[in-house]
Structures are given as structure tokens and as C-alpha cells.
1. Residues of segment 15-81: accessible area per residue at 1.4 Å, in Å²?
2. Grab the other residues whose beta carbon is less than 12 angstrom from that of Lys100, score K and R as +1, D and E as -1, and report the net.
3. With just the Cα atoms of segment 5-72, tell me how far they stretch along each of the three principal axes, in Å, largest first.
4. Springs between alpha-carbon atoms under 10 Å, Gaussian network over the chain: tell me which of Thr74, Thr163, Thr126 tops the mean-square fluctuations.
5. Of the residues Phe120, Phe162, Phe65, which exhibits the maximal mean-square fluctuation in a Gaussian network model of the chain defined by a 10 Å Cα contact cut-off?
6. Short version: what are the Cα gyration tensor semi-axes of the chain, square root of 5 times each eigenvalue, largest first, in whole Å?
7. In whole percent, how big is the carbon plus sulfur part of the accessible area of the chain, probe 1.4 Å, protein atoms only?
8. Provide the gained length on full extension for the span Asp93 to Ser11, in nm with one decimal, where the gain is 0.36 nm per separating residue minus the Cα-Cα distance.
Amino acid sequence: ATDVDIFTIGSSTYAIVASKLEPIGLQNGGVQIIDVSDPALMVPKDNLKNRASLELGGAISVDTFTLTGTYAGTYAIVAGSTDDGVQILDVSDPTNIVAKDKLTDSGSLELDGAKHVDTFVIGSNTYAIVTAMADNGVQVIDISDPTDIIAMDAETHGVNGFTDIDFARGVEAF
């Protein structure tokens, strides 16, 4: 287990745990949802393991967010350090995780060695910011439509006045 975030649906409280490696198949990773409504009796709910169609390899960071309107629901974004990308998951039904869109590192993106993710809202849009240790940079992604996430700005250490993001490993929006 590498990271955890808490979210509430109705009167129930859940944790989503990112797991970088599995005991078998060390290139894998994934997430586990746990009902923590009764802290004295945690109850496992759904889990999702990495596979070729997902970006959960080396799942190292997770953050949850809630959308309203067309895409109303509770979602998680997971940074996969081995897969060099992010994966959006619909966790509105904690017993049935549904994979949505993903974004994989490329020449124009800063997701190589993705290490940490945080979400924030500006106006009516929801965004994620991801640190990428191998790329020495940060990537902002518009996640307002979880079925079609859009890469926004990306910045690299030593370029455009960014002088202190070398080996970026953590981020917190405020």
C-alpha cells in the first residue's frame, strides 16, 4: 500500500488504497476500496488490479473527487509510476469500480515516473496536478469529463523559470 484517500457516499465512509506492487507479478498494482464506516470493523469492497488496458502499474498515489451535472458521481484518479500515467476510476458504487479514461506519458506530457496526484476546482472545471519524478516536472490535466480527460500545461525543471521541481515527488493544491 502506497497511498490512501477517504470519501463519503451517503452515510458511508470509504477508503481507497493504492497499491504499487502485488505479491505475485511485481509489475502490477491496483486499488482496493474499504468501507471504514465502522472503524472497529473495516469491510473490503471492490478492488481493481492493473492490466494492459489500465494505467495502474505502480499505483503510487490516489485522490478522490466529486463531480456534478452530466458526470455526477465520485471518482478517483490514480498515478501509476510504472505505467507513467494516470487512470480515472468511477467509485460511485464502491462494490463496482469502473475504469474511465487514462493518460499515458508522451513527449509533450510530464508523466514519466508519476509520483503524486492532487485534485482542485477552478470555476466549473475540475483539474488534477501530477508530479513526475523521472520527467522532473508537473502536469495539469482537466478531469471535468472523466471519460475524456485533457492534458493542459506541463512544465519541466530548468525551463520557463521553473527552478525547483527537479525530482518532483509530491504536490498539494491550495
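The values are calculated or read from the model by the stated rules, or taken from the named source; none is laboratory data. As the structure is a prediction and not an experimental result, all values here were calculated from the model. Please note: Cβ atoms are built from the backbone with ideal geometry, for glycine as well, and neighbour counts cover all protein chains shown. Just so you know, the surface numbers come from the protein's heavy atoms only, side chains and all, with ligands and any DNA or RNA stripped out. Shrake-Rupley method; radii C 1.70, N 1.55, O 1.52, S 1.80 Å.
1. With all protein chains present, segment 15-81 gives 46 Å² per residue.
2. So the environment of Lys100 carries a net charge of -4.
3. 37, 36, 16
4. Maximum fluctuation in the GNM of the chain, among the listed residues, is at Thr163.
5. Among Phe120, Phe162, Phe65, the largest GNM mean-square fluctuation belongs to Phe162.
6. Result for the chain: semi-axes of 26, 19, 14 Å.
7. 53 percent
8. Once the chain is fully extended between Asp93 and Ser11, it gains 28.2 nm.
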